1. With a ≥ b ≥ c taken as the square roots of the eigenvalues of the C-alpha gyration tensor of the range 239-323, please select rounded if a/c is under 1.5 and otherwise prolate if a/b is larger than b/c or oblate if it is not?
2. Residues of the chain: accessible area per residue at 1.4 Å, in Å²?
3. Compactness ratio of the chain: Cα Rg over 2.2 N^0.38 Å, N = residue count?
4. Helix 279-296 sits at what angle to the longest principal axis of the chain, using alpha carbons and giving 0 to 90 degrees rounded to 10?
5. Residue-wise, which Karplus ³J(HN,Hα) couplings in Hz belong to the range 43-52, taking 6.51 cos²θ - 1.76 cosθ + 1.60, θ = phi - 60°, and x for glycine or proline?
6. Can you compute the label reach from Glu140? Point 7 Å from Cα along the Cβ direction, backbone N cut-off under 18 Å, restricted to the range 31-69.
7. Could you derive backbone 3J(HN,Hα) for the range 89-101 from the dihedral phi with the Karplus parameters 6.51, -1.76 and 1.60 (θ = phi - 60°), listing whole Hz in sequence and x where the residue is Gly or Pro?
8. Compute the FRET efficiency between Leu155 and Gln261 as 1/(1 + (r/R0)^6), taking r as their Cβ-Cβ distance and R0 = 25 Å, and round to the nearest 0.05.
Amino acid sequence: MQTKLTKQIRVFNEDLPNTAGRMFDDVSGILNWDDIKNQTYYEVYKDMREKFWVPDEVSMQQDISQWVNDQIEPEEKELFKNGIGVLAVLDSIATYFDKIAADYIRDSAIKANMSFISAMETIHNESYTYTLSSLVDKEEAKEIFERPKNNPYALKRNDLMMDLFNEFLIEKTPENMAKGLIAMAGLEGLCFVNGFTPFYHLNRSGKMFGTGTMVQFIQRDEVKHSYFQTVLVRDILTQYPEINTDKFSDFVYKFFEDLVQLERDFCDDLYKNVSDIDVEEVKEYVGFRANLILDNLGLDKIFSAKKNPMDWVTAYDPDNINSIKRDSFEDKELNYAKASEELNEWDDL
């Protein structure tokens, strides 16, 4: 019979140990990073903490100049707006699910990581408001944030993941949490990372470097989040071996087959008016991202692209950039002017 998860009610229980045999077993609530079941969680936490950032560290002055002086073509502006809207909805979903899932994890190290990730997703969302407030008025920004709610391709793709999130909300079991985490790994490691392509496309044309810099920071975060989720899934399958069946593996393969197809359909729509990007190349890249996640899960790569088919995008991959915050386009440290120093408040823009 499936283990039913209950939401943690007591914050601290002095009668319990600080660590437990399995992640859903009750513990005291005390976190000692030197006394956790899996040190990988501390390594993930350290990496995220060391790369913490906030949006107003990045200057938008160059982007503003290009935008208002019509150096960005109308079709490029539409691509930019649609891309921002899609990222905003994904980060909003991620913030909510990570918070809900963290309520049912007892392991203090895992709970801490999930809480940190949820907070970073909120910062990512802030960055989209920060970006749009620099470029368009408040009413247009509100319209851009509404777009994903009316895009049938984005909705159909999102529904595939939302169905798994909702299954966990309805019936909270280790298996349903593992399935929700599979969906999160796809959301962050595939949909999100592919969602950065429009901005890197603009960057390679010498445009919108401020936004591109923020996107690099976000990608660095999202790839780590997706990796954490795959580690957590493998940990659940190890601690609850009754879930680790061929049926579960079949579910994972089918999920990514469906997600890749839906993401490719979404790309056809997103780039339909963009003449200077190879949509077929982007669609191969989607399969490549799915293969990376499957590999992290210890499963076979099932898509044709075994290496990155978009060589040009590797120039903007945070893994290929110096670990300190640097402008990869000018090879100098960024001018981290605070928003209050160079821009008005959001309502004044």
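The values are calculated or read from the model by the stated rules, or taken from the named source; none is laboratory data. Quantities reported herein were computed from a predicted structural model and do not represent experimental measurements. Ideal geometry is used to build each Cβ from the backbone, glycine not excepted, and the neighbour counts take in all protein chains shown. These accessible areas exclude ligands, DNA and RNA; they are computed on the full protein's heavy atoms, side chains included. Shrake-Rupley method; radii C 1.70, N 1.55, O 1.52, S 1.80 Å.
1. oblate
2. For the chain, the solvent-accessible area averages 45 Å² per residue.
3. So the chain has a normalised radius of gyration of 1.01.
4. Tilt of helix 279-296: around 20 degrees.
5. The phi angles translate into 5, 4, 4, 4, 5, 5, 5, 5, 10, 4 Hz.
6. 60-69
7. After applying 6.51 cos²θ - 1.76 cosθ + 1.60, I find 5, 5, 5, 5, 4, 4, 4, 5, 5, 4, 5, 5, 5 Hz.
8. It comes out at approximately 0.95.
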